[in-house]
Structure formats: structure tokens, C-alpha cells
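The values are calculated or read from the model by the stated rules, or taken from the named source; none is laboratory data. Small disclaimer: the values here were computed from a predicted structure and weren't measured. Here the Cβ positions follow ideal geometry from the backbone for every residue, glycine too, while neighbour counts run over all protein chains shown.
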Amino acid sequence: MASLVIAEHDNASLKDATHKTVTAAAQVSTPVHVLVAGENCAAVAEAAARIAGVEKVLLADAPSYARQLAEPMEALLLSITDKYDAILAPATTTGKNILPRVAARLDVGQISEILKVISPDTFERPIYAGNAIETLRAPEGKKVITIRITAFAAAGEGGRATIEQIVAASDAGHSKFAGEALSKSERPELTSAKVVISGGRGLGSAENFKLLDSIADKLHAAVGASRAAVDAGYVPNDYQVGQTGKAVAPDLYIAVGISGAIQHLAGMKDSRKIVAINKDEEAPIFQVADYGLVGDLFKIIPELDEELSKRGYK
Amino acid sequence: MKVLVPVKRVIDYNVKVRVKADQSGVDLANVKMSMNPFDEIAVEEAVRLKEKGKATEVVIVSIGPQQASETIRTALAMGGDRGILVKTDQMVEPLAVAKILKAIVDAEQPGFVITGKQAIDDDANQVGQMLAALLGWPQGTFAHSLELADGSARITREIDGGLQTIEVKLPAVMTTDLRLNEPRYASLPNIMKAKKKPIEEKSPADLGVDITPRFKVLKISEPPKRNSGVKVSGVPELLDKLKADGVI
Ligand SMILES: Cc1cc2nc3c(=O)[nH]c(=O)nc-3n(C[C@H](O)[C@H](O)[C@H](O)COP(=O)(O)OP(=O)(O)OC[C@H]3O[C@@H](n4cnc5c(N)ncnc54)[C@H](O)[C@@H]3O)c2cc1C
Ligand SMILES: Nc1ncnc2c1ncn2[C@@H]1O[C@H](COP(=O)(O)O)[C@@H](O)[C@H]1O
């Protein structure tokens with residue numbers, strides 16, 4: 001039959017997570033269709049139609065999908081899943097919110113946050129904070145899958161899919177959007193940045209945390225954090241990297257004042273190169289770091305900033 | 001209003017999990033087990049609702065082996081009123097957990113269910129959403145804060161871009177995120193009192209739920225190992241190395 005990918009977007013632009021999910025979907029079942037559900041999101045549908053390997057884009061444009069709340073999304077998906085043998089979404093907070101509802105209503109289990117498609121019915125996924133990898137085979141029938149976006153390459157551009165408008169499904173209206181407080185940043189997104197610099201409890205305060213900004217600017221890095229830094233209020237929740245935060249896998253990950261608890265490692269140990277800056281030479285973070293700098297971060301960070309300037313990074 | 005809180009017994013979050021050499025699973029022998037940390041947050045929130053007079057009774061449910069009753073006891077010591085143990089020695093997949101919970105909700109008629117967002121063993125992040133769907137209820141996942149009113153709940157959620165607030169009609173399911181509250185430690189007198197609180201035992205069959213796994217686990221393997229690298233002498237050496245690696 002075919003697979004259906006739920007597009008990740010904010011009504012204005014299509015997120016890269018969609019391209020990665022298309023790559024996974026193509027390994028499970030083809031052709032690949034993409035569902036763009038939102039409000040005034042025609043531009044997103046056009047962008048989705050340009051992804052290589054996508055045959056058709058379904059566009060559901062209605063006020064009830066403006067925030068992709070789980071309940072109306074469930075109703076919409078159930079109205080079209082008949083035609084698909086796999087439904088996939090990125091394991092973002094949107095995908096994780098919606099997809100288990102769809103799986104339950106289809107009476108199938110969901111396969112969460114896969115790392116690899118071994119064959120169309122066999123998948124690898126992390127369990128126990130990535131301390132073990134489970135290989136599991138799904139039974140016959142529909143597959144409902146979320147994917148870890150750092151584990152798949154993005155499908156390219158150059159597609160010429162058709163766009164089909166679909167009608168909104170009825171929704172009981174039991175939930176409604178009431179507001180948001182989004183972190184504003186000119187920096188690249190954590191999950192797609194090539195360089196990430198993260199701070200932990202060692203930074204000591206929200207004020208000190210800003211020390212990382214100048215380095216992030218010079219390296220075009222995203223800024224992340226450990227749970228302890230978020231809990232202490234140094235930075236907002238969406239900075240959290242780890243088992244229960246975001247998984248990242250940049251070319252370079254710099255951990256500053258982070259001890260390296262397994263829950264943190266779960267979210268960053270697939271990075272290509274890891275640098276750890278910590279005053280405790282026994283800190284577990286050094287066990288996964290390619291390069292370790294033992295010392296006081298309040299001395300090292302300004303030095304690093306200055307040395308980058310000297311070498312022409314602006 | 002009655003509040004239902006499902007709690008799972010899992011390997012303690014401090015334990016370094018080891019994969020068995022024959023790849024059949026992870027080593028659970030003599031390993032410390034505890035309540036799933038997100039479920040502690042769920043219990044705490046329910047108990048606070050009771051303390052504020054918004055909940056009348058907090059019912060704790062766990063699905064698992066006999067020892068899961070210890071996890072229920074912990075929740076009762078934190079302030080839960082009574083427990084239900086759905087006893088099974090089998091592995092129960094999230095969909096089956098959700099079906100069991102639905103059967104319990106049908107019988108108990110709570111107005112609000114609070115689950116953890118994720119069990120730290122299977123890392124599935126499914127049960128709360130599945131339960132809500134099976135019940136036809138709305139959900140507020142990854143809760144950062146909660147305001148409960150008559151007939152509705154205002155839930156602020158931790159999402160990838162920041163925070164989002166939604167309003168859901170009751171009955172509803174909420175799943176907890178880390179910042180919702182800081183769970184209390186049970187006091188000794190409360191631990192003693194909890195010993196007298198009732199725990200009812202049932203089986204999945206009593207509830208009419210088939211828990212036969214749908215998925216076949218082919219193997220559980222070690223993740224790729226990362227070798228620890230080198231300590232560098234200072235910032236210039238670090239930058240030289242990163243440059244040579246082509247990552248800056
Ligand atoms: C259910 C659950 C889920 C969790 N999920 C996550 C998650 O997703 N992500 C996550 O990160 N954590 C998570 N955690 C928390 C995790 O267990 C750790 O508590 C947390 O990662 C610790 O953060 P940290 O390294 O910043 O703080 P700490 O462990 O306190 O480490 C601070 C480090 O800073 C160093 N330091 C201090 N001062 C300086 C200085 N001046 N110069 C240099 N170094 C200095 C210290 O040597 C120390 O190593 C979770 C925990 C639980 C129970
Ligand atoms: N065996 C179980 N018994 C009771 N509650 C459970 C069980 N499994 C999962 N849950 C609940 O569902 C939440 C999410 O689990 P999961 O979907 O498996 O990640 C947990 O935090 C618990 O609140």
C-alpha cells in the first residue's frame with residue numbers, strides 16, 4: 001500500500017524533521033504520502049511536495065488544526081488511515097502527543113522513537129535511556145511509528161508531488177488552545193544544529209549561563225542544557241538534552257559544567273565529537289568525551305571565547 | 001472527584017543497566033527497583049489536589065508482579081488512599097496497559113487520570129495518550145503546571161519550542177513532565193499508616209484484557225560503545241584538534 005508521514009511545521013514553514021521521517025517511511029512502505037494539517041498552511045504543503053520521494057501531499061487546512069492538538073488530529077488521521085499500512089511521525093512533542101492515540105484506536109502497538117529500519121517489519125529502538133537497544137518485529141497489520149530524527153538522513157529536494165485537499169473530520173471540541181510562551185532564538189534548532197554547546201548546574205546561575213552565548217554565536221551553535229540547569233531555572237525547558245528531553249547528534253557537542261548522568265548521555269552520546277569541560281576529572285562525562293578539559297569553566301570559557309576571536313571566528 | 005494514578009515499578013534511575021550476554025534482555029537480578037520517577041510526580045500532583053480539596057480520593061493502580069504492591073505502598077505512603085494491583089508476571093506492552101487502565105476507569109469512574117509521560121525502562125511515552133483515546137477523553141501531555149477548575153483543566157505543557165497552554169474538558173488524562181512538582185518523601189508515620197490502606201488484587205483476565213504481546217523482541221543488544229578520548233592541555237590544543245577533525 002503506502003505510508004503516511006505527519007508533517008512537522010508551524011503553519012509557515014516545514015521542519016526538517018519531516019524530511020527525515022520521509023527517509024524512514026520510504027524504508028517501511030512506498031509510495032510515501034505526507035499529511036500537512038494546519039491553518040493557512042498552503043506554503044507548507046508546497047514545501048512538502050518538493051521533498052524527493054513523496055508522491056502525494058494531503059492538505060487539511062482548517063482552524064481546528066492550527067495547533068495540531070491531539071484530539072482533532074486523531075479524528076483526522078482515523079478518517080484516512082484505511083489507505084495506509086504505515087503511519088509515521090517524528091518523535092517530537094507533537095508526534096509523541098498524537099500518534100499513540102491513533103495506534104490505540106487502530107488497536108495496534110506503537111513503535112516509539114526508532115533508530116533504524118532493519119526490514120519493513122523489524123526495527124531498532126533505544127530502551128533504558130539508550131543503555132540497551134531493542135530489536136523488535138511487528139505483527140502483520142498497520143504500523144504506527146515515531147522516529148528519532150537524529151538517526152535518519154533528511155530526504156532531499158526535487159520532488160513534484162501532487163497536493164490534494166482533504167476535508168476536516170469532525171471533532172468533539174474537548175480541548176482548546178489557550179496560549180503559548182515560545183523561546184525566541186536566532187540560533188539554529190537544537191535537534192538539527194551542527195554544533196551544540198550545553199551548560200549544566202556548574203554554570204551556577206541564569207546570568208552565568210549567558211557566558212555560553214558568545215561561543216555559540218562564533219560557532220553557529222545551538223544552546224542546550226542538562227535537566228539540573230533547567231530545573232534551577234537557568235534556561236527554559238526546551239533546552240533540555242537527554243532521555244526525557246531532546247536527542248541531539250551534532251558534529252560537535254560541548255558539555256560545560258555537566259557531570260554526565262546516564263539520562264543526559266542518552267540524549268547526546270551519538271554526537272560525532274564530544275568535548276567536556278569540567279573541574280572534576282572523575283566526572284562520568286569524560287568517559288564519553290573525545291576531548292576533555294579539566295578545570296574551572298569560569299576560566300576556560302572566557303579563554304575559549306578569546307582564542308576563537310583570535311582565530312577569526314566572529 | 002476521584003483521581004486515578006497508574007504507577008509502574010521500574011529499575012531505579014540510578015542503576016547502570018546491563019544487557020545480558022545472550023541478548024535476551026537486561027539483567028534484573030538483585031537490581032534496585034523503584035517507582036517510575038514521572039509517576040512519583042503524578043502521585044504528588046494527585047495528593048496535592050486532595051490537600052487542596054479538589055480531589056476526594058486518590059486511587060493508585062499498578063500492573064506488574066506481586067512486588068509492584070511495594071510500589072503501590074510507596075504511593076499510599078505519599079498520600080494515596082487505596083491501591084489496585086493488577087497482577088501478572090508477564091511483560092505488558094503499553095497498549096495492553098492502556099486497556100487494563102480503561103477497564104479500571106470504567107469501573108471506578110474517576111474524573112481525572114494522571115500518568116507519567118514516560119516509563120524509564122521501555123521509554124515508550126504511550127500509555128497516557130492511548131488511555132485517553134480508548135476512553136474518548138481529551139489529554140494534556142507533558143504537564144508543566146495544572147489549574148483544575150469545575151469541569152475543566154488548564155494544563156501548561158512542555159513542548160519542543162517552549163510552553164503551550166491548553167484547556168481540556170473533564171474527564172481527562174494528564175501526563176507529567178519533570179517540572180510539574182517536586183515529589184515529597186513519605187514520613188515514617190505515613191509509611192506506617194500506608195500499611196493499613198487497602199490494596200485490591202485483580203488479574204488482567206478479571207478485567208477481560210488479553211495481554212499477549214503483539215511484538216516479538218528479537219534481541220536486546222548493547223549500544224555502540226564510545227571510547228573515552230584524551231585530556232587536552234588547554235584551549236589552543238583543543239581548537240587545533242577540533243579544526244583537524246573538521247568540526248569547527
Ligand atoms: C526521570 C528522570 C529523567 C531525567 N532526564 C534527564 C534529561 O533528559 N537530561 C538531563 O540532562 N538529565 C536528566 N535527568 C537528571 C540527571 O539524572 C542528572 O541529575 C542531571 O543530568 C545532572 O545535571 P548536571 O550535570 O548539570 O548537574 P550535576 O550532576 O550537579 O553536575 C554539575 C557538574 O558541574 C561541574 N562543575 C561545577 N562547577 C564547575 C566549574 N566552576 N567549572 C567546571 N565544572 C564545574 C561539577 O564538577 C559537576 O560535574 C533525569 C533524571 C530523572 C530521574
Ligand atoms: N505496568 C504499569 N502499571 C501502571 N502504570 C503503568 C504501567 N506501565 C505504564 N504505566 C503508566 O504509563 C506511563 C507511561 O508509560 P509508557 O507509555 O510505557 O512510557 C507511566 O509513567 C505510568 O504512569
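Key figures
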item: Residue match in the stretch B:56-76 (condition: more than 30 Å from B:ALA29 (Cβ to Cβ), away from ligand 2 (no atom under 13 Å from the Cβ) and assigned to a helix (DSSP H, G or I)); result: no
item: Options B:ALA244, B:ALA153, B:ALA205: the member that is more than 9 Å from chain A (Cβ to nearest Cβ), more than 30 Å from B:GLU57 (Cα to Cα) and either within 16 Å of ligand 1 (Cβ to nearest atom) or at pLDDT 95 or above (or both); result: B:ALA244
item: Residue check, A:ASP231 modelled with pLDDT of 95 or more, closer than 19 Å to A:SER183 by Cβ and either away from ligand 2 (no atom under 16 Å from the Cβ) or within 9 Å of chain B (Cβ to nearest Cβ) (or both); result: yes
item: Residue that is nearest to B:THR74 (Cα to Cα), among those in the stretch B:2-35 that are in a loop (DSSP other than H, G, I, E, B), within 15 Å of ligand 1 (Cβ to nearest atom) and within 11 Å of chain A (Cβ to nearest Cβ); result: B:TYR13
item: Elements of type strands (runs of 3 or more DSSP E) contained in the stretch A:37-132, each with 3 or more residues being buried (at least 24 other Cβ atoms within 10 Å of the Cβ), more than 8 Å from chain B (Cβ to nearest Cβ) and touching a strand residue (DSSP E or B) at 6+ places or on another chain (Cβ under 7 Å); result: A:54-61, A:86-90
item: Residue list for the stretch B:90-125, filter: away from ligand 2 (no atom under 12 Å from the Cβ) and hydrophobic (A, V, I, L, M, F, W, C); result: B:ALA103, B:VAL105, B:ALA107, B:PHE112
item: Condition broken by A:ALA247, with the remaining ones in (1) buried (at least 24 other Cβ atoms within 10 Å of the Cβ); (2) under 14 Å from the mean Cα position of the chain (by Cα) satisfied; result: (1)
item: Qualifying residue in the stretch B:85-101 (condition: within 16 Å of ligand 1 (Cβ to nearest atom) and more than 14 Å from chain A (Cβ to nearest Cβ)); result: no
item: Selected residue [at pLDDT 95 or above, aliphatic (A, V, I, L, M) and in contact with a His (Cβ under 8 Å, 6 or more places away or on another chain)] from B:LEU148, B:LEU76, B:LEU163, B:LEU95; result: B:LEU163
item: The listed residue being within 10 Å of chain B (Cβ to nearest Cβ), under 30 Å from A:THR94 (Cβ atoms), surrounded by 24 or more Cβ atoms within 10 Å (Cβ to Cβ) and modelled with pLDDT of 95 or more, out of A:ILE262, A:ILE254, A:ILE258, A:ILE285; result: A:ILE254
item: The stretch A:268-282, residues that are over 16 Å from B:LYS225 (Cα atoms) and surrounded by fewer than 16 Cβ atoms within 10 Å (Cβ to Cβ); result: A:LYS279, A:ASP280, A:GLU281, A:GLU282
